[in-house]
Amino acid sequence: MFRLGYNTNGLAHHRVVDALELLADLGYEGVAITPDVGELDLYHLQPELVGEIRRRASDRGLALVVETGARYLLDPRKKHHPTLLDDDSAQRARRVDMLRRSIDLAVALSAEVVSLWSGAAPTEIAADARDTAPARTRNTGNGTRNTGASTRDAQLAPLWDRLCSGLAIVLDHARSSGVRIAFEPEPGMFIERPSGYAELARRLGTHGADLGLCLDVGHLVVTGDLPVGEHVREHAAHLLHVHLDDCRAGVHEHLMFGRGDLELRDVLRSLIDAGYAGMAAVELSRDSHRGAQAAAEALEHLRHAMVDGA
């Protein structure tokens with residue numbers, strides 16, 4: 001049975017130790033910690049605080065996961081930048097360094113999983129977009145060439161290379177640290193669908209076996225990868241982490257359960273049927289202004305859905 005958790009990006013106005021106590025008292029079994037500016041700034045960590053968080057989590061029986069979705073940790077002006085796809089190699093190296101620091105923090109917290117994503121490409125192209133324009137053809141005299149596809153492939157090739165090169169470094173560091181990496185497809189980023197994760201793992205070659213999947217069920221609603229249960233079953237062997245949130249079709253906005261198009265009972269049943277035993281963490285990053293209330297409300301929805309779907 002998986003553990004129900006909550007992401008601290010939805011409790012951004014709480015001290016981390018207070019968030020742990022709040023979530024444990026509500027009945028959550030895990031916490032997905034998003035290190036961010038403030039208490040757990042990866043570039044100004046306080047060893048005493050890290051140790052206290054590890055002890056508090058252990059004392060309350062809370063599993064921990066480290067998330068890497070801090071919005072402005074590296075660039076105060078541009079959200080989620082730089083990325084592993086940046087045109088500037090020095091900027092890509094900054095993201096790699098941040099991910100390595102996240103792995104080191106996971107070790108210090110006794111967290112076994114770190115989640116990450118590709119980031120958006122500088123041109124905002126998605127490698128796995130559903131709405132890719134039909135390729136045009138041109139008669140070259142020696143046959144017909146697919147010009148649309150060849151142009152797109154030329155745009156994608158250096159981006160795939162950058163992503164794989166950066167991830168290889170991160171995966172090597174994770175393996176030597178005893179930490180697993182869970183890759184999250186994210187709408188609007190270079191990899192936004194489970195099919196893109198599968199292609200990334202293939203392109204990583206020998207490193208691909210080390211890359212697990214973080215499946216955000218709300219994202220599947222956004223991208224139209226439904227029913228969710230099919231993707232849970234298809235990727236069950238690689239599933240390391242799950243994000244729980246509701247969304248509306250085509251709109252990337254995390255919502256409280258029941259306010260979007262997600263079939264929550266079916267999602268939870270599919271996770272149980274697949275034998276998923278990791279953390280399924282609620283991610284309501286826009287609800288920090290009512291974080292304590294949202295965490296309690298979300299857990300009620302989850303409990304009712306699990307009872308109704310039993």
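The values are calculated or read from the model by the stated rules, or taken from the named source; none is laboratory data. Computed from a predicted model, the values in this text were never measured in an experiment. In this analysis, Cβ positions are derived from the backbone assuming ideal geometry, glycine residues included, and neighbour counts consider all displayed protein chains.
Summary table
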| quantity | calculated |
| --- | --- |
| Test: residue in the stretch 231-238 that is in contact with a His (Cβ under 9 Å, 6 or more places away or on another chain) and either closer than 28 Å to Gly10 by Cβ or part of a loop (DSSP other than H, G, I, E, B) (or both) | no |
| Pick from the stretch 164-207, criterion of a type in the set (Asp, Glu) and farther than 21 Å from Ala280 by Cα, ranking: surrounded by the most Cβ atoms within 10 Å (Cβ to Cβ) | Glu199 |
| Boolean, Gly61 is within 30 Å of Ile272 (Cβ to Cβ), part of a loop (DSSP other than H, G, I, E, B) and touching a Ser or Thr at 6+ places or on another chain (Cβ under 8 Å) | no |
| Options His289, His304, His254; residue that is outside any loop (DSSP other than H, G, I, E, B), surrounded by fewer than 17 Cβ atoms within 10 Å (Cβ to Cβ) and touching a His at 6+ places or on another chain (Cβ under 9 Å) | His289 |
| So Ala126, is it closer than 19 Å to Phe183 by Cβ, crowded, with 16+ Cβ neighbours inside 10 Å and of a type in the set (Gly, Ala, Ser) | yes |
| Strands (runs of 3 or more DSSP E) contained entirely in the stretch 90-170, each with at least 1 residues that are at pLDDT 95 or above and in contact with a strand residue (DSSP E or B) (Cβ under 8 Å, 6 or more places away or on another chain) | 113-116 |
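To keep it simple, each residue is scored yes or no on (1) more than 20 Å from Ala93 (Cβ to Cβ); (2) in contact with a strand residue (DSSP E or B) (Cβ under 8 Å, 6 or more places away or on another chain); (3) part of a helix (DSSP H, G or I).
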site: Met189; (1), (2), (3): no, no, no
site: Gly196; (1), (2), (3): yes, no, yes
site: Ala201; (1), (2), (3): yes, yes, yes
site: Leu215; (1), (2), (3): yes, yes, no
site: Val222; (1), (2), (3): yes, yes, yes
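Each row is one residue, and each column tells you yes or no for (1) at pLDDT 95 or above; (2) part of a loop (DSSP other than H, G, I, E, B).
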{"site": "Leu4", "(1), (2)": "yes, no"}
{"site": "Val17", "(1), (2)": "yes, no"}
{"site": "Leu20", "(1), (2)": "yes, no"}
{"site": "Asp25", "(1), (2)": "yes, no"}
{"site": "Val31", "(1), (2)": "yes, no"}
{"site": "Glu39", "(1), (2)": "no, yes"}
{"site": "Leu42", "(1), (2)": "yes, yes"}
